[in-house]
Every structure is written in structure tokens, then in C-alpha cells.
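Taking it in order: structure first as C-alpha cells, then the write-up.
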Amino acid sequence: MTTAPSALARRLLDGAGADHEAHVARYGALPGLRLDDLLAAVADSGLTGRGGGGFPAATKVRAVAQGARRPVVVGNGIEGEPLSSKDAVLLNRNPHLVLDGLEVLARALHAKRAILAVGPEIEPGPVTDAARRRPVHLVALAGGFVAGQETALVNGLNGQAPLPRDPFTRVTESGVDDRPTLVLNVETLAQIALVARYGATWFRSAGLPDDPGTSLFTISGSVSRPGVIEAERGARLSDALAPARPVRPAAVLVGGYHGAWVPASDLGARLTRAELAPYSASVGTGILHVLDTETCPLDLSADVMDYLARQSARQCGPCLNGLPRMASDLHRLAVGVRDPDLPNELERMAALVTGRGACAHPDGSARFVASTLRVFRGHVAAHLEGRCPSARSTRARSVAS
Amino acid sequence: MPVRPLHASTERRLVTTRLHIDWTRCDGHGSCVELLPDQLGVDDFGFPVPRSGQRDPVVPRRAEDAARHAVRNCPVMALRMYDAAS
Ligand code: SF4
Ligand code: SF4
């Protein structure tokens, strides 16, 4: 047994910026690994994707290794989630570690091309300097909430509109230039660069046996020191939040706008699949957004749902129609419309859109709505009685009075 | 227990036929819902809803012909059938 993970870890964020010599001095030379050895190390490390899905990284690598054609390897640095800045911070402080991950994979897979795709949130200077003398194409793409979805990114790189496509044909079979395409989040690539150098046992010296390593977290909301931290996997939510100093927390949105709420009474929960499951939450991209006790959670959630509805790529009927419907019902609830059917109607709509889109946007939006109704049940009941328990709510009280 | 050889019907059960909807194409025309009333319902906005709740609903053998018909009749070619290990 490893000892229970504490909060802070320092693997990814003390990079040397764009200076390659300093980078090699800090981390050592990048080894050239054969595919079998790299795959074995990544599989043994237990590394999971840090871009949201959380699937084993080795499974994805294996999928493109089986293709008949030489694959394309893509680093996903779009970071379209407004509450996330961990990829921007990583690419700013440690661009070479991300490039190392791309390079070690591209060599082992005999890839046709290695591409690092960055969105408008990424500061271009350091990553451009770093990529200059590395065998990686740096591509700047437009952003947006769904632009980082794997198929949207592939479409963007193929010169098409950066919208998600039907996922029937997986990008691991046919993606960039119709080649098998491996898309990995930039943090996942940096972790692979460490596994390639130091091995699986070292990687597992942080985190939990069934969820090893470290992760980056972006902490925002009601905290006195917002920002990006690195913590061991499986840290308690309270420990991960401590460096940011939460102020009067009422709940924490874990995993961003596609995530779910954990009430402040439960901050002892560990950031693991199992302990977050009761809240339908997952670590996802590592977003932790603190809601204070004075803001009306329904007000805030209605605004988030508005944003999500606007971010629909408007391609798929259930998403295009269902998300605005949920946004407007949540607004009605927030402003104090006393229609007792609203919560049921919202739950029905959340279930209805789930699984019925080309990308994960309706599912994630539905998860957020369902979580809001569940965690703020008392608040919902109060609104339906025409009052709002939050000090800073303007809407429910003015409507009700 | 004696090992019984697989016969045809057992073999068939190892593979299920599923219906996939390309949501980026589907415009809620609805002919598939009429052809597959046991598999598909319709939502508030006129788009098909798999009754089973599955993303790609299983097409039982007795509905395979109707499903093939639905695939051919979809005006925007949003449907396809495929076999998957069950
Ligand atoms: S599910 Fe929504 S966001 Fe995703 S591709 Fe379809 S319309 Fe666009
Ligand atoms: S027939 Fe085609 S376009 Fe019409 S509802 Fe069915 S899948 Fe959609």
C-alpha cells in the first residue's frame, strides 16, 4: 500500500520553459523506446487520459498501433473549457515535456506526422519557441467549448469546420489525412514523457494503486488564490483545494461545466472514480470551481446552462433543441417561477438528450443539470415556494415579493 | 458438464445487429419511427428515440427487414446497421 496521497506534487509544473538545454538538465535525455517497451511502460503505469474521458492511455495507443497505415499523433491543447487553464499553464511552463511525449510516441509508432494543436487560450510564445527545433508541427486552431472534442479537432486539422463528426468511424481508424490518429491531451503526453524516462514504478510512487500518478487541477470561484496546482491522484477534495484557500464554500463543481457538484459537507471525499461516483462526478479535466454560500446556485447553474446551449454546434436535433429547453426551464426555476413540474421536466429532458448527439456535449450538459437539481434540492424547493435562501440572489426574491 | 457443440442459433447470438443514427445528419423526418415502432419512439422535437435507451439500439431478428427498409428510406442517409459482438 502506498501511503494516503497528500496534496501537492511537483512533476509537471517546475519546467524550464522553452529552454531545451535546461529541460534536459532537469529531466534527463528523452530515451528512444520501441513500441512494445513504451506500451508496456504506459500500460503498467496505469496512466489515464487527462483530457476528460479518463480512459487508459495505453488502450488508445494500442488502437492506432494496429492500423495498416502509419498513424498521425496529435497533442490536444485546445482547452475550450472556460474554467480550465491547466493546459495553458503546462504549455507555458513545460512545453518540452509535452513535445517529448509526442516525440517518443511518434518515434515508437513510426508516425507519419506529430502535431501539437493549440487553441486561442494558449500563450503562443513559449510553445512556439520550444517547438521550433523539435520534430512536431505546431498548429493554432480556433477555440470554443466543443472544438476540443476529438472529432472536432480532427476535422479542424483536416481543414474542415472544427465541428464534431459522427463518431461511428473512430479517429483511431481514420482521422487526420484519413490515417489512424492518436489524439491525446497535452497533460497526458507530458505524463507519458515522464513514464518513458522513469518507468511505471516511479509513476506509481504517487497516487493510489488503482488510480496512480498526479494530475493538474484548475481551481477557481470563491477562493482567495485561484490557479493551477498539481496534486496526487486520489487526494481528498479538501486537500487539493487547500492551497487556493476556499472562501465560504457551499459546493464544488468537479470536472467543469460537463461535471457535477459535490456539496461542501462532503469535501473529505477523495478525487477518485469510486468516491466521486455517488455525485456522478469524475476528475475529468481537473476543474474545481468553488461556489460560495451567498450566490444562488440556481442562478449560476442557469447561466452555465445558457452558455452550454449556445456552445452546441447545432448539428444534432436533440442537442440543438433540448439544451435551450433545459436552459430556459432552469432560468424559470432560478427566477422563482412557481411551477412544480419544472424539476421533473428538467430531469426528463436531461435523460432524453443523453446519448443522442455526435459528441459528448448533450451528455455532459445533462449531467450538470441533473446534478444541480440533486445537490441543491432544498434550494429548488425554496424557489418553488417563492423564496431564495441565498443572500445574493436578486431574481427569486424580487419575483416572489 | 459435457461440452455441447455450437449450433447455428447459438452462434448467431454471439453477434447482435445494431442501428446507428448519425445525429449530425438526422433531420427528424420520422420515417424510421414508423417503420420500427417497437424500437424507436419520437421526442418532443420530432427526432427518433431508441426505446431501449441504448445509444445504438439492438435490432432483433424479426425487425431486421424493417430496419433495412428504414436505412434505405432515410432521406438524408442518417441510418446504418452493423453487427457487433454482443
Ligand atoms: S451533440 Fe451537440 S455539440 Fe455535439 S456535435 Fe451534435 S449538436 Fe454539436
Ligand atoms: S428517417 Fe432519417 S432523418 Fe428521418 S428521423 Fe429517421 S434517421 Fe432521422
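Taken together, the values in this text are just the output of simple stated rules run on the coordinates, not laboratory data. Just so you know, these numbers come straight off a predicted model, no measurement behind them. Every residue, glycine among them, receives a Cβ derived from its backbone with ideal geometry; neighbour counts consider all protein chains shown.
Worth a mention:
- Shown in residue order for region A:87-95 are the 3J(HN,Hα) couplings computed by the Karplus curve 6.51 cos²θ - 1.76 cosθ + 1.60 at θ = phi - 60°: 5, 5, 5, 4, 5, 7, 8, 9, x Hz (x for Gly and Pro).
- Spin-label pair B:T16-A:R10: with each label point 7 Å from Cα along the Cα-Cβ axis, the two points sit 5.2 nm from one another.
- Dimensions of region A:297-384 from C-alpha coordinates, computed as largest minus smallest value along each principal axis and given longest first, are 37, 19, 19 Å.
- Using just its DSSP H runs of length 4 or more, each adding -39500 (n - 2.57), chain A gives a mean residue ellipticity at 222 nm of -12500 deg cm²/dmol after division by all residues.
- What the phi angles of region A:200-213 give under the Karplus curve with 6.51, -1.76 and 1.60, with θ = phi - 60°, is a coupling list of 5, 5, 4, 4, 6, 6, 10, x, 9, x, 9, 7, x, x Hz, glycine and proline written as x.
- Measure of compaction for chain A (Cα Rg per 2.2 N^0.38 Å): 1.00
- Neighbour net charge for A:V283 - beta-carbon separation under 11 angstrom, K R +1, D E -1: +2
- Sum of side-chain charges, B:D38 neighbourhood, beta-carbon under 12 Å (Lys, Arg +1; Asp, Glu -1): +1
- Rounded Å value of the spacing that divides the Cα centres of region B:47-61 and region A:228-251: 41
- Taking 7 Å steps out from each Cα toward its Cβ at A:D36 and A:S328 produces label points 6.2 nm apart.
- Under 5 Å, built H, 5+ apart or other chain: amide partners of A:S222: A:V290, A:L291, A:D292
- Segment A:H110-A:R26, length gained on full extension (0.36 nm per residue, minus Cα span): 27.5 nm
- Peptide B:26-36 shows a mean partner chain C-beta count of 1 within 10 Å per residue C-beta.
- Largest GNM mean-square fluctuation among A:G286, A:G51, A:G268, using chain A with Cα springs under 10 Å: A:G268.
- FRET E, pair B:R62, A:E345, Förster distance 22 Å, beta-carbon r, rounded to 0.05: 0.05
- Computed FRET value (nearest 0.05) for B:F45 with A:D210, which takes r as the C-beta separation and R₀ as 51 Å: 0.75
- 3J(HN,Hα) along region A:49-63: x, 9, x, x, x, x, 7, x, 5, 4, 4, 5, 4, 4, 4 Hz, from the Karplus curve 6.51 cos²θ - 1.76 cosθ + 1.60 with θ = phi - 60°, whole Hz, x for Gly and Pro.
- Dividing the mean sequence gap of close Cα pairs (under 8 Å, 6+ apart) by how many residues region A:20-203 holds gives a relative contact order of 31 percent.
- Once backbone amide H atoms are built at 1.01 Å from N, B:V42 has B:V49 as its partners under 5 Å, excluding neighbours fewer than 5 places away on the same chain.
- Among A:H379, A:H361, A:H96, the largest mean-square fluctuation in a Gaussian network model of chain A, built with springs joining Cα atoms closer than 10 Å, belongs to A:H379.
- Formal net charge of residues neighbouring A:L141 (Cβ-Cβ distance under 12 Å; K, R +1; D, E -1): -2
- At an R0 of 51 angstrom, the distance between the Cβ atoms of B:R72 and A:A381 translates into a FRET efficiency of 0.50.
- Ranked A:T128, A:T214, A:T201, B:T24, criterion: other C-beta atoms within 10 Å, fewest first: A:T201, A:T128, B:T24, A:T214
- Centroid-to-centroid, using Cα positions, region A:256-327 and region B:15-44 are 29 Å apart.
- Just so you know, the Rg over Rh for region A:20-203 is 0.93, from Cα atoms, with Rh as the Kirkwood radius.
- Going from the fewest other Cβ atoms within 10 Å to the most, the residues A:S220, A:S390, A:S328 appear in the order A:S328, A:S220, A:S390.
- Of A:A117, A:A327, A:A381, the one that fluctuates the most in a GNM where chain A has Cα springs shorter than 10 Å: A:A381
- Mean separation of Cα contacts under 8 Å (6+ apart) over length of chain A, as relative contact order %: 16
- Model label sites at A:S174 and A:R273, defined 7 Å from Cα along the beta-carbon direction, differ in position by 3.1 nm.
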